[in-house]
Structures are given as structure tokens and as C-alpha cells.
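The values are calculated or read from the model by the stated rules, or taken from the named source; none is laboratory data. This is a predicted model, so every value here is computed, not measured. Don't worry about glycine lacking a Cβ; one is built from the backbone with ideal geometry, like all the others, and counts go over all protein chains shown. Remember, those area values only see protein heavy atoms, side chains included, never the ligands or the DNA or RNA. Shrake-Rupley method; radii C 1.70, N 1.55, O 1.52, S 1.80 Å.
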Amino acid sequence: MPMRKALITGITGQDGSYLAEFLLEKGYEVHGVVRRASTFNTQRIEHLYRDPHDDDVRFRLHFGDLSEANNLQKILDAVQPDEVYNLAAQSHVRVSFDLPVATADIVGLGALRLLEALREHQQHTGRTVRFYQASSSEMFGKVCEVPQRETTPFYPRSPYAVGKVFAHWATINYREAYGLHASNGILFNHESPRRGETFVTRKITRAIGRIHHGLQDKLYLGNLDSQRDWGFAGDYVQAMWLMLQQDQPDDYVIATGETHSVREFLELAFNHVGLNFQDYVETDPRYLRPTEVDLLLGDPSKASQKLGWQPQVGFRELVRMMVEADLELAAREKTLRDAGHVLPLSIGARAAA
């Protein structure tokens, strides 16, 4: 049986790196799309590289961008994938208010360009390619019901969320109009030690590591009362794969079914190192959104029943995992500082005296 091939956009991100690992363990040949830039951003996937002279290289990268339709078509024709996972995005909600047009172009129109390239590829080759679109719980925004499920109406509250709604419905349209095996995964917040430092959970755990090692004094955040359904990214990529193994494409909410506030996350994370977060955390209006999403809580029952998917890592274990990883990172930074190196500030930080 020939080896299955997967193509992942956004492979250098948190989800892309975990998905690449998962698929390689499943025996796939994995191809990733990366943007050409002046600096490398492949640290999350560097451990996946093998000797390029090895005949059994199953991990390859291709330069591309969701803003370039012709390039996407060329990559599809070159790779001939069996599965395509669209994880690429400008994924920071607060930043999307500052860059609304760029965000909409990549998040919304980028998905449409990829769907159209996939439609043309299938038309020309006669091959069936299964497609996964990374939808987001942010689409629910000002929620119309609690918990949120696949039938809950969307009420997006940011340019990012508006772009995701566009991409979500474009995926459904291509499924119904052209018969594509195209599925949406409506993923609620999912975190890990690989989470970007601009996201609130990682800002918190990075700050704890730096405060613990004397590299930082304070942490500045926005709304501490926001409630989110937080899971582990490593669990959620399995759900993505399971969707594309079904005979029929569909849309699924992926969540833990629990909600916790930013304040709860802070308390649990700081307690892990014996500190009171109130001594170190201050609010800063710069980190507030113009329109806030107050409560997200997903109902994963459909994914449980139809996919057999269940989250394995609970909230407390997730917080502990992230804090311990960032304690180790800060310890390495302290060693560098003590050796005379100048360290950059983390997001939401002020320099230690």
C-alpha cells in the first residue's frame, strides 16, 4: 500500500508542529507550506528534519503563501497529497484589530484560494483529496447559547473571527457545490509549551519562569475575567486527523466541555511555584479588545460520539506542563544573562531591576 501524503499549511505553528509529529508517527509522508521570510521560524519543527541524503525522507517543506493562488496550485500538483490541513492564519485576535485587512486576506480569502486550488487539482487529476479547515471558537463571539455546539449561530467579534466565519462557510460551500471531502474543525482554545508568546496562557507561563529566576518583575494583562475552554494542542490534532478518516465530511466542535477564567489560570499557574499572582500582575488597557468575547464553552459530544475523540490532558495538567516548560526555558535564559548576554523582553513584561 503506497504511503499516504499530507500537506499542512501553517506547519511552523503550534498546531502544525504537533500535527506533523502525529502524522509521521502514523507513517505519512508530510509536506509543509512555509512563507519565505528574512528570518527562519522553524524552531517548532527542527527536530523533525532528517538527513537530506536519506532516501526515506518523509518530511519536506515548500515555500508558499495563502495570498498566492498560482503557487498553491503548483504545490498541490507537485506533492499530490491525500489530505490537506489548512492551519495557516494571522491567528492573534487582538492583533487582527490592528491589521484587519491583512488578517481577512489570509484567514478568509486564503482559505478560499486553497479550496479553489484544490477543486482545480481534483478536476484535472481525478484524485480525491480530503481537506481540513481550522475553524475557531472565536466565531461564536457574543455567544447565543451555552455551551456552544455545531448548530450554535455565529456572532464574530473581531476581524479574525469574521475571517474564520468566511472560511468556514466557504468550506461548506465547496463541499456542497463540488463534492469535496471538506470538513471544519471548530476548535476551542488549545495550548501547549509551543504556544506563541503573544497568547495569554503563554504570556502567563513565560512570565512565571522569568519572575521565578529574577528576570522579570511584573506581568501586564488585559481582561482577567474572560472565560475560555482550554485544552491541549497535542490532543486536538488527533481530532483533525479523525475528521479526515470519516467516510463523509462534516463539521465538529472540539473542546473539553469545561470553562476557566484567565484569573483561574493565573492563580493555578502562580501557585505552582508558590507565588501569589496578585503580587505580580497588573492590568493594562493596551491589551483589551475593542469588542470582548466573555465566555466560550464547547460541547464536544458530536466529536465524542462520531469520531470517538476524547481530550486526554486536563486543565490542571496543561497548566503544570506549560509552567514547568517555561521554568526550564527561563533557567537557560538566566544562565545566558549571567554570562553577559542581553535578553529580549517577553510579551507583557517589564525589565527586572
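At a glance:
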item: Length-normalised contact order for the stretch 98-169 - Cα pairs under 8 Å, 6+ apart - percent; result: 43
item: Gain upon complete extension [ARG60, ASP98; 0.36 nm per residue less C-alpha separation]; result: 10.3 nm
item: Backbone N under 20 Å from the SER67 label point (7 Å along Cα→Cβ), restricted to the stretch 99-126; result: 99-117
item: Cα-based shape type of the stretch 154-196, given that a ≥ b ≥ c are square roots of the gyration tensor eigenvalues and the cut on a/c is 1.5; result: oblate
item: Most mobile of ARG113, ARG316, ARG149 in a GNM of the chain (Cα contacts under 10 Å); result: ARG316
item: Rg/Rg_ref, the stretch 1-144, where Rg_ref = 2.2 N^0.38 Å and atoms are Cα; result: 1.08
item: R0 of 30 Å, Cβ-Cβ distance ASN173-GLU258: FRET efficiency to nearest 0.05; result: 0.35
item: Distance (nanometres) between label positions extended 7 Å along Cα→Cβ at GLU328 and SER301; result: 4.0
item: Options GLY27, VAL93, GLN123, ranked by Cα towards positive dipole end of the chain, top entry (Cβ charges); result: VAL93
item: Radius ratio Rg over Rh of the chain, counting only Cα atoms, Kirkwood formula for Rh; result: 0.97
item: 0 to 90° range, to nearest 10: angle between helix 262-271 axis and the chain longest Cα axis; result: 60
item: Relative contact order [Cα under 8 Å, 6+ residues apart], the stretch 1-152, whole percent; result: 24
item: Percentage relative contact order, the chain, counting C-alpha pairs under 8 Å, at least six apart; result: 17
item: Listed residues GLY340, GLY274, GLY32, most fluctuating in the chain (Gaussian network, C-alpha, under 10 Å); result: GLY340
item: Area of MET3 that stays accessible when all protein chains are in place (1.4 Å probe, Å², to 10); result: 80
item: Nonlocal Lys pairs with alpha-carbon distance under 18 Å, the chain (8 or more apart, or different chains); result: 6
item: In Å, descending, principal axis extents of the Cα set of the stretch 210-323; result: 54, 32, 19
item: Cα-based helix-to-principal-axis angle, 110-125 vs the chain, degrees rounded to 10; result: 30
item: Per-pair calculated FRET efficiency, R0 = 45 Å: GLN248 and LYS218 via Cβ, rounded to 0.05; result: 0.30
item: Helix 315-338 vs. the chain, principal-axis angle (Cα, 0 to 90°, nearest 10); result: 70
item: Cα-centre dipole for the chain with unit charges at Cβ (Lys and Arg positive, Asp and Glu negative), debye to 20; result: 440
item: Nearest-0.05 FRET efficiency for GLU267 and HIS341, computed from C-beta distance (R0 51 Å); result: 0.95
